[in-house]
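A short worksheet on the structure shown next.
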Amino acid sequence: MDGPQPEQRGERRQPPAAPSGAERSRGLASAALLIAALVVGVGLGWAVDRQLDSAPWWTVVFASLCILAGLWRVLKGSAP
């Protein structure tokens, strides 16, 4: 052990540093990508459901696939 924690010694802990501009930009890009994936998936599913009169099954399928693809893209892009 390294001794007592800062709170036990009467010291105040430093607040976490604010995210840098690059981190903030990466987070906003990831959020935009996921939102766009959802919009595209719902749009494609809605169009197919309307043509086949099978609502809501294709909407659910396409939305799920597009969200998974968006998550894959975000996780792939965040890897070191």
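One table, with the values for the structure above:
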| quantity | calculated |
| --- | --- |
| Ala22 versus Val61: modelled label distance in nm, points set 7 Å from Cα along the beta carbon direction | 4.3 |
| On Cα atoms only, tilt of 57-78 relative to the major axis of the chain in degrees | 30 |
| Distance in nm between pseudo-label sites at Arg12 and Leu33 (7 Å out along the Cβ direction from Cα) | 3.8 |
| At R0 = 35 Å, FRET efficiency that the Cβ-Cβ distance of Arg73 and Trp46 yields, to 0.05 | 0.95 |
| Degrees, to the nearest 10: 21-52 long Cα axis against longest axis of the chain | 20 |
| Volume per residue that the Cα convex hull of the chain spans, once the total is divided by residue count, Å³ | 157 |
| Options Leu52, Leu65, Ser20, ranked by Cα towards positive dipole end of the chain, top entry (Cβ charges) | Ser20 |
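Taken together, the values in this text are just the output of simple stated rules run on the coordinates, not laboratory data. As the structure is a computational prediction, the values presented were derived from the model and not from experiment. A quick note on method: Cβ atoms are made from the backbone with ideal geometry, for glycine too, and the neighbour counts reach across all protein chains shown.
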